[in-house]
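Undergrad: Starting off with a structure, shown below.
Since every read-out is calculated from the coordinates, none of them should be taken as a lab result. Quick caveat, the model's predicted, so the values are computed rather than measured. With ideal geometry, Cβ positions are generated from the backbone for all residues, glycine too; neighbour counts draw on all protein chains shown.
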Amino acid sequence: MLRRRTVLGSALAAAAASVMPKASGKVITPPFNLFDAHGHFYTNDVEKYPFQAEGSRYGPEIMIAKAMARPMTPEVVFRVWGENWIEMGLGVGYNSTYSTDNSYLLDMAAKYPNRILPVVILSATDRSTPAALERMARENRIIGPRFTGIANRETGEFSFLSDAATGAWEACNSLGLAITLMPLGRQVPDAMQRVAELADRYPNVNIVLDHIGFPTPEISPNWGLTPQHVALAQHDNVYYKLTTLLLDQLNDANVPTDQFMLHMVKTYGADHFVWGTDIGNSEGWVSDFVQDALYSARMLPLEQQKAIFYDTAKRIFVPGGRGAT
């Protein structure tokens, strides 16, 4: 499921690259700024920010070598963003380099508060997480946490969607934080049903589904959405993230991404979409990521495109949370 692009020569090369045209030879230039809702930051300053890559799904040696050779510092990311109309974005904690240590992300977000909005990685079931969320909302102005992983093999339950994570969800609901979710594996449809239940239980949490909840990349009446995915449209506090990874999967399966997005917007509404490059994780030219995403939305009215690429993210990602309602 987590198939990646071919390896990029260097982050600095990506930063220096001009916009790469699509096969048509025409570069799509958006008439508005973009908001990148999925960026990763890491440094090769291991003395100040030591790696904790033991849990990396790519293997710790590979991940550390990548980070040492091609650190994704704000200077690198901002240069790429600037060449691709990206005004600002989320910094998403990178479990593959730092596990649940969010120090580097929070330091960079504090240094560039108008460019990087932090989404932290924490254990949803740890008893210390509710207090950590409250402290980080107050001191670090976080957007919220990101929870990801596979289901328990015996129970089929995702820990971050289970009753064991109640404390974390209640804290986010009280603070008005957003929760980003990426359930993985065959139990994803079941996870969507559980997300619907949690959306009702915690109406002050904006729930954001990475990769639109992994619809199957196929040409079909529902374009890969299960009934559980479709049912989420009834919940106003559930949002959907269009990503490089998902677009790669669609392109690999020869699914026309512009038709796919027409159906997604018809199902959920453009005002419930955000978009992210996955810079620092997905490998390739960021200019390609941007062009692929803009192409997928090309058949939508300009107002809806702007909602997907900027307006919705600015509205739902509130530093420090929205507070109690």
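Undergrad: Nearest 0.05, what FRET efficiency do Asn44 and Arg322 give at R0 = 30 Å with Cβ-Cβ as r?
TA: In this case the efficiency is close to 0.25.
Undergrad: Using a ≥ b ≥ c from the Cα gyration tensor of the range 80-132 (square roots of the eigenvalues), is it rounded, prolate or oblate, where a/c under 1.5 gives rounded and otherwise the larger of a/b and b/c decides, a/b for prolate?
TA: On the way: a/c = 2.71, a/b = 2.21, b/c = 1.23.
Since a/c reaches 1.5 and a/b is larger than b/c, the shape of the range 80-132 is classed as prolate.
Undergrad: To the nearest Å, what is the center-to-center distance of the range 207-261 and the range 77-131, using C-alpha atoms only?
TA: Using only Cα atoms to place each centre, the spacing works out to 25 Å.
Undergrad: Of the options Ala233, Met299, Gly284, report the single residue whose Cα projects farthest towards the positive end of the charge dipole of the chain (beta-carbon charges: Lys, Arg +1; Asp, Glu -1).
TA: Met299
Undergrad: Applying 1/(1 + (r/R0)^6) with R0 = 51 Å to the Cβ-Cβ distance of Lys111 and Ala253, what FRET efficiency is obtained, to the nearest 0.05?
TA: 0.80
Undergrad: Quick check: pseudo-label points 7 Å beyond the Cα along Cα→Cβ at Lys26 and Lys314, how many nm apart are they?
TA: Modelled inter-label distance: 2.7 nm.
Undergrad: Further question on the same structure: May I ask you to compute the full-extension gain from Asn152 to Asp200, defined as 0.36 nm times their residue separation minus their alpha-carbon distance, rounded to one decimal in nm?
TA: 14.9 nm
Undergrad: Can you list the lysines whose alpha carbon sits under 19 Å from that of Lys306, skipping same-chain ones fewer than 8 residues off?
TA: Lys241, Lys266, Lys314
Undergrad: How large is the helix-only mean residue ellipticity at 222 nm for the chain, computed as the sum of -39500 (n - 2.57) over DSSP H runs with n ≥ 4, divided by its residue count, in deg cm²/dmol to the nearest 500?
TA: -10500 deg cm²/dmol
Undergrad: Also, quick follow-up: So how compact is the chain: Cα radius of gyration and Dmax in angstrom?
TA: Every Cα atom of the chain included, Rg and Dmax give 18.4, 54 Å.
Undergrad: Which loop-located GluC sites (Glu not before Pro) does the range 47-137 contain, where loop means any DSSP state but H, G, I, E or B and the Cβ has at most 13 other Cβ atoms within 10 Å?
TA: Glu47, Glu54
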